[in-house]
Amino acid sequence: MTGPIRQRREGGILEVTIDRPKANAIDLVTSRIMGEIFRDFRDDDTLRVAIVTGAGEKFFCPGWDLKAAAAGDAVDGDYGVGGFGGMQELRDLNKPIICAVNGICCGGGLEIALSTDLILAAGHATFALPEIRSGTVADAASIKLPKRIPYHIAMDMLLTGRWLDAAEAHRWGFVNEILPADRLMDRAWELARLLESGPPLVYAAIKEVVRAAEGETFQATMNRITKRQFRSVDILYSSEDQLEGARAFAEKRDPVWKGR
């Protein structure tokens with residue numbers, strides 16, 4: 001595809017590449033395109049897993065395009081369905097998403113990475129929230145990051161804008177794996193194929209429950225699960241796949257997931 005976002009599809013896997021030279025920064029138009037892509041991914045039952053990465057070897061994404069802002073893009077403008085980058089406010093996005101960070105990942109780019117489920121990083125990748133230096137707030141990161149890593153490390157990043165290398169990001173736990181640059185996408189696809197072979201209804205239930213649990217007590221979320229008040233859990237407990245899992249275990253064979 002031409003344009004700021006490239007897509008590649010193989011079976012149930014969708015690869016989404018931000019491709020806006022020179023730095024893969026995101027303006028309003030690009031954000032709206034990404035929202036449409038991830039909305040369609042969410043709604044397409046034949047797609048199971050997505051990978052998001054950046055073009056080139058230097059930048060994953062630095063976030064908001066300040067040149068576009070200077071030319072008139074409003075920071076509080078219409079980012080499209082899903083909010084900035086198409087994912088972080090997209091409702092019911094209950095499929096696994098892998099982020100392959102191939103370089104600089106900062107500001108809104110880091111917020112996009114934090115909206116995914118698994119983060120792989122090339123060894124030369126770096127991470128930061130430099131908004132403090134331009135007099136603005138890293139809004140989504142201020143909400144998410146202190147829940148993902150130790151509070152004082154998150155506040156250090158938010159208050160000082162300092163940079164972390166891939167090793168430190170991995171040490172604090174918001175990067176799952178560090179890979180040589182030439183192995184990054186191979187590993188992303190290897191992991192995506194593993195997830196593609198798994199039970200999609202279970203993935204949906206996991207993601208819905210995890211999101212809800214961020215704002216509820218343990219017991220409140222458990223009560224909603226046992227009472228089947230989560231749509232994804234209710235679908236799972238009444239599904240063919242639920243029976244298939246039990247039958248496959250009893251028959252000592254691999255399950256065949258149908259997503260229904």
- prompt: In the chain, if every C-alpha pair distance is counted and binned at 10 Å from zero, what percent goes to each bin?
  reply: 7, 29, 35, 21, 7, 1, 0
query: So what are the three principal axis dimensions of the stretch 160-260 from its Cα atoms, in whole Å, longest to shortest?
result: 48, 36, 19
task: Keeping all protein chains in position, work out how much accessible area Ile33 exposes to a 1.4 Å probe, and write it in Å² to the nearest 10.
output: 50 Å²
statement: Karplus-derived 3J(HN,Hα) from phi for the stretch 9-16 (6.51 cos²θ - 1.76 cosθ + 1.60, θ = phi - 60°), whole Hz, x at Gly and Pro, runs 10, 9, x, x, 10, 10, 9, 10
statement: XL table Lys67/Lys147; Lys22/Lys95; Lys207/Lys227; Lys147/Lys258; Cα-Cα > 28 Å flagged, in table order, is Lys67/Lys147; Lys22/Lys95; Lys147/Lys258
message: Mean-square fluctuation check for the chain, GNM, Cα pairs under 10 Å: which of Ala250, Ala50, Ala169 is largest?
response: Ala250
message: I want to verify a result. In a Gaussian network model of the chain, Cα cutoff 10 Å, which of these has the top mean-square fluctuation: Leu14, Leu194, Leu28?
response: Leu194
statement: For the stretch 94-107, Karplus-derived ³J(HN,Hα) couplings (6.51, -1.76, 1.60; θ = phi - 60°; whole Hz; x for glycine and proline) come out as 9, 10, x, 10, 9, 9, 10, 8, 9, x, 5, 9, 9, x
- line: What one gets for the stretch 82-222 as the Kirkwood radius, inverse of mean 1/r over different Cα pairs in Å, is 16.0 Å
- prompt: If you project the alpha carbons of the stretch 13-70 onto the principal axes, what extent comes out on each, in Å, largest first?
  reply: 39, 24, 12
- request: Would you mind checking the tilt of helix 139-148 against the longest principal axis of the Cα atoms of the chain, expressed as 0 to 90 degrees and rounded to 10?
  value: 50 degrees
query: Can you pull the percent of Cα pairs in the stretch 199-251 with separation above 14 Å?
result: 54 percent
- prompt: Any idea of the accessible area per residue across the chain, 1.4 Å probe, to the nearest Å²?
  reply: 51 Å²
field: Whole-angstrom gap from the stretch 113-132 to the stretch 211-230, using each part's C-alpha centre
entry: 29 Å
field: Within the chain, helix-based [θ] at 222 nm, where runs of 4 or more DSSP H residues each add -39,500 (n - 2.57), nearest 500
entry: -12500 deg cm²/dmol
field: Once the Cα gyration tensor of the stretch 1-137 is diagonalised, semi-axes √(5λ) in Å
entry: 22, 17, 14
query: Considering only the chain, what is the antiparallel percent among its DSSP beta bridges, to the nearest 5?
result: 25 percent
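The values are calculated or read from the model by the stated rules, or taken from the named source; none is laboratory data. Bear in mind the structure is a predicted one, so any value in this text is a computation, not a measurement. The area values use the complete protein model at the heavy-atom level, side chains included, leaving out ligands, DNA and RNA. Shrake-Rupley method; radii C 1.70, N 1.55, O 1.52, S 1.80 Å.
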